[in-house]
Amino acid sequence: AQSVAQPEDQVNVAEGNPLTVKCTYSVSGNPYLFWYVQYPNRGLQFLLKYITGDNLVKGSYGFEAEFNKSQTSFHLKKPSALVSDSALYFCAVRARGFKTIFGAGTRLFVKA
Amino acid sequence: NAGVTQTPKFQVLKTGQSMTLQCAQDMNHNSMYWYRQDPGMGLRLIYYSASEGTTDKGEVPNGYNVSRLNKREFSLRLESAAPSQTSVYFCASSEAVAEIYEQYFGPGTRLTVT
């Protein structure tokens, strides 16, 4: 069965520090992995995706994610957090023939 | 370019009432989706439309119906609302239903059923 897990409900980080939001997945076949961000009272916005190729994917707003096939992980990272990065982050996975499965979300709180 | 728009933004229904949530996209996307978002559960797919003229069930279709009116519009209907349908509903679109395409989301409709 296809699934995605975000093990942390909330991540707290100080402004200027690096941040990591974790995601692990389980699929049959090659995974297609996505990160989305949701600001309060807004819909989800696409950040980045891994389809194939380079394991390090760069996306919007300075975010990047590293695909690790052996650990079945796709962690979201940013070298220097901003207060404006505070939001709800969703990891999502698709595999051929299946619909998109979203994780439960991780709330990121960046303190000034 | 408005992207994906949804109406209404908020709605309160009594149990048994019906309503239709409207969604439109102006990105010339082929595929459209309806999700519900509940606390701690991420997003769950209700129905999707791979292309104009087709619709398919998602994970949680019971109690809902959809219509793909044309390429731009995809509506979600609750025929007899129940408290369990209290949720935030998001419409989304993508270039196609293939796995490589990201989705673009509307601002959501917050529905309360009393």
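With +1 assigned to the C-beta of every Lys and Arg and -1 to the C-beta of every Asp and Glu, and no other charges, what is the dipole magnitude of chain B about the Cα centre in debye, to the nearest 20? Mind dumping the intermediate values first?
Numbers: 10 positive and 10 negative charges, 89 e Å.
Value, rounded to 20: 420 debye.
Once R0 is set to 22 Å, what does the formula 1/(1 + (r/R0)^6) return for the Cβ-Cβ distance between B:Ala82 and A:Lys99, expressed as a FRET efficiency to the nearest 0.05?
Working: r = 24 Å, r/R0 = 1.09.
Approximately 0.40, to the nearest 0.05.
What is the average number of partner chain Cβ atoms found within 10 Å of a Cβ in B:40-52?
Values: counts 3, 4, 10, 11, 2, 4, 0, 0, 2, 0, 0, 0, 0.
Per-residue shielding by partner chains comes out at 3.
Take every DSSP beta bridge with both residues inside the stretch A:5-112 and express the antiparallel ones as a percent of the total, to the nearest 5.
Antiparallel: roughly 85 percent of the beta bridges in the stretch A:5-112.
Shielding of B:64-73 by partners, i.e. mean partner chain Cβ atoms within 10 Å per residue?
Shielding by partners across B:64-73 averages 0.
Considering every Cα-Cα pair within the stretch B:1-73, what fraction, in whole percent, is farther apart than 14 Å?
Counting every Cα pair in the stretch B:1-73, those more than 14 Å apart make up 65 percent.
List the aspartates and glutamates whose alpha-carbon lies under 14 Å from that of A:Lys111, not counting same-chain residues fewer than 8 positions away?
A:Glu15, A:Asp85
May I ask for the percentage of alpha-carbon pairs in the protein assembly as shown that lie more than 26 Å from each other?
Within the protein assembly as shown, distances greater than 26 Å cover 37 percent of Cα pairs.
In a solvent-free Debye calculation with one equal scatterer on each Cα, what is log10 I(q)/I(0) for the stretch A:24-78 at q = 0.13, 0.15, 0.27 Å⁻¹, listed in the order of the q values?
For the stretch A:24-78 at q = 0.13, 0.15, 0.27 Å⁻¹, log10 I(q)/I(0) is -0.33, -0.43, -1.11.
What's the FRET efficiency of A:Ala14 with B:Met19 using the Cβ-Cβ distance as r and R₀ = 41 Å, to the nearest 0.05?
Computed FRET efficiency for A:Ala14 and B:Met19: 0.35.
Shape verdict for the stretch B:32-77, please, from the Cα gyration tensor: rounded (a/c under 1.5), prolate (a/b greater than b/c) or oblate.
Prolate is the answer for the stretch B:32-77, as a/c is 1.5 or above and a/b outweighs b/c.
Running a GNM on chain B with Cα contacts under 10 Å, which residue among B:Tyr104, B:Tyr33, B:Tyr89 ends up with the highest mean-square fluctuation?
Highest fluctuation among the options: B:Tyr104.
How many angstrom separate the Cα center of the stretch B:81-114 from the Cα center of the stretch A:1-80?
The stretch B:81-114 and the stretch A:1-80 have Cα centres spaced 21 Å from each other.
Taking each residue of A:38-49 in turn, how many C-beta atoms of other protein chains fall within 10 Å of its C-beta, and what is the average?
5
What is the spread of the Cα atoms of chain A along each of their three principal axes, largest first, in whole Å?
Sorted largest first, the three principal extents are 43, 29, 21 Å.
When the chain is fully extended, how far beyond the present Cα-Cα distance does B:Val12 get from B:Ser51, taking 0.36 nm per residue of separation?
Working: separation 39, 0.36 × 39 = 14.04 nm, distance 3.10 nm.
Computed gain between B:Val12 and B:Ser51 is 10.9 nm.
Can you sort A:Asp85, B:Asp26 by how many other beta carbons sit within 10 Å, fewest first?
Details: A:Asp85 20, B:Asp26 12.
Lowest count first: B:Asp26, A:Asp85.
Where a number appears in this text, it was derived from the coordinates with a stated rule and is not lab data. Computed from a prediction, not measured in an experiment: that's the story for all the values here. In this analysis, Cβ positions are derived from the backbone assuming ideal geometry, glycine residues included, and neighbour counts consider all displayed protein chains.
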